[in-house]
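Structure, as structure tokens:
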């Protein structure tokens, strides 16, 4: 029986409203972080850290891999 793979790692950073995980290898182990992209009042993408605080520019976020776990585009503006 094959395992069901729902989520996949990618090298492409998301640029739409979603909840996603990043991972980066450091000293032989992976570090994982959770992020959320939401639409600001002026319609731009805003990056929030896992605790819900505004982190900075989405363009400044760098990781080896990204995994979208919730796509919020269908929900509209948050």
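When the residues of the range 63-76 are filtered to those that are in contact (Cβ under 8 Å) with a residue 40 or more places away in the chain and not in a strand (DSSP E or B), which remaining residue is farthest from residue 22 (Cα to Cα)?
If we take residues in the range 63-76 being in contact (Cβ under 8 Å) with a residue 40 or more places away in the chain and not in a strand (DSSP E or B), then 75 is farthest from residue 22 (Cα to Cα).
Check 52, 76, 56 and return the single one that is out of contact with any strand residue (DSSP E or B) (no Cβ under 6 Å at 6 or more places or on another chain), surrounded by 10 or more Cβ atoms within 10 Å (Cβ to Cβ) and modelled with pLDDT under 95.
56
Go through the range 28-58 and give me each residue that's outside any strand (DSSP E or B), more than 12 Å from the chain's Cα centre (by Cα) and within 20 Å of residue 12 (Cβ to Cβ).
Within the range 28-58, 44, 57 meet the criteria.
The values are calculated or read from the model by the stated rules, or taken from the named source; none is laboratory data. All figures in this text were calculated on a predicted structure; none of them were measured in a lab. Because the Cβ atoms are built from the backbone with ideal geometry, glycine has one as well, and the counts that use them run over all protein chains shown.
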